[in-house]
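K.L.:
Starting off with a structure, shown below.
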Amino acid sequence: MMENFFADYKNFVVVPEDETKVVNEVFDPKNFAAYYILTLTLFDSRLSTWKEASKFEIDVEKSIKTVLTKFNQMQREKYHLQLLELDRYKNYFILALSSKTKFQPEEEKDRMNYIVEKILTNPFYVGQGWFNFIGEKGRVARKLFSYSFKEYVMEHPEQLEGKYENISEFIPKNAEIKLIKSVKTKIISKL
């Protein structure tokens with residue numbers, strides 16, 4: 001073999017793109033088939049409010065945003081999570097879960113359990129150090145969250161045509177986060 005055979009290799013170098021990295025992707029509800037509101041609280045919590053997390057040197061808001069960003073990058077073909085509410089004086093936070101496929105009523109609980117327990121728990125538990133927030137009972141069970149969910153269904157989804165906003169642009173940096181509604185809609189809960 002000739003030593004200089006690959007001398008011009010630099011002309012053929014193509015740097016691979018990171019397929020998991022999403023740059024400035026805006027949430028579009030039309031791309032999803034089902035929507036759920038998830039309320040998560042800590043299982044066997046050592047905190048009475050999120051404000052107490054500062055004694056563990058953990059910024060809860062930054063932590064949640066980090067996990068959700070990674071989740072949305074890795075799961076963009078299936079799911080999207082968005083933070084709707086985080087109040088420093090409460091002990092829960094609220095997420096919106098959008099799914100590309102509609103869950104069958106008999107599988108909703110199993111699918112939610114899989115998403116919360118298998119996909120979300122580890123990044124919070126280990127990656128963000130949230131194991132510090134739970135007591136011995138939670139550590140033994142390796143259970144971080146207790147949660148509830150309800151399907152979010154709009155009576156007239158055609159009213160949203162071009163009227164939704166990306167609420168992440170409106171989240172204040174040093175204040176509590178509240179759900180911002182830009183369109184009046186009637187919500188029908190499906191049990």
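K.L.:
Scan VAL116, VAL140 and give me the residue that is farther than 23 Å from SER54 by Cβ, among the aliphatic types (A, V, I, L, M) and in contact with a Leu (Cβ under 9 Å, 6 or more places away or on another chain).
P.N.:
None of the others qualify; the one that does is VAL116.
K.L.:
Okay, next question. Only one of these conditions is not met by PHE131: (1) under 22 Å from LYS55 (Cβ atoms); (2) at pLDDT 85 or above. Which number is it?
P.N.:
The one condition PHE131 does not meet is (2).
K.L.:
Restricting attention to segment 7-22, does a residue exist that is more than 29 Å from GLN75 (Cα to Cα) and either of a type in the set (Phe, Trp, Tyr) or at pLDDT below 70 (or both)?
P.N.:
yes
Residues are listed down the side, and each one gets a yes or a no for (1) surrounded by 11 or more Cβ atoms within 10 Å (Cβ to Cβ); (2) within 17 Å of the chain's Cα centre (by Cα); (3) assigned to a helix (DSSP H, G or I); (4) modelled with pLDDT under 85:
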{"site": "ASN113", "(1), (2), (3), (4)": "yes, yes, yes, no"}
{"site": "GLU117", "(1), (2), (3), (4)": "yes, yes, yes, no"}
{"site": "LEU120", "(1), (2), (3), (4)": "yes, yes, yes, no"}
{"site": "GLU158", "(1), (2), (3), (4)": "no, no, yes, yes"}
{"site": "SER182", "(1), (2), (3), (4)": "yes, no, no, yes"}
{"site": "ILE188", "(1), (2), (3), (4)": "no, no, no, yes"}
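K.L.:
Another one. Working carefully through the options PHE131, PHE124, find the one that is surrounded by 18 or more Cβ atoms within 10 Å (Cβ to Cβ) and either among the hydrophobic types (A, V, I, L, M, F, W, C) or under 30 Å from VAL26 (Cβ atoms) (or both).
P.N.:
PHE124
K.L.:
When you look at PHE145, is it more than 24 Å from ILE58 (Cα to Cα) and surrounded by 16 or more Cβ atoms within 10 Å (Cβ to Cβ), yes or no?
P.N.:
No; evaluated as a whole, the condition is false for this residue.
The values are calculated or read from the model by the stated rules, or taken from the named source; none is laboratory data. Everything numeric here is computed off the predicted structure, so don't read it as measured data. When we count neighbours, we look across all protein chains shown, and the Cβ atoms used for this are built from the backbone with ideal geometry, even at glycine.
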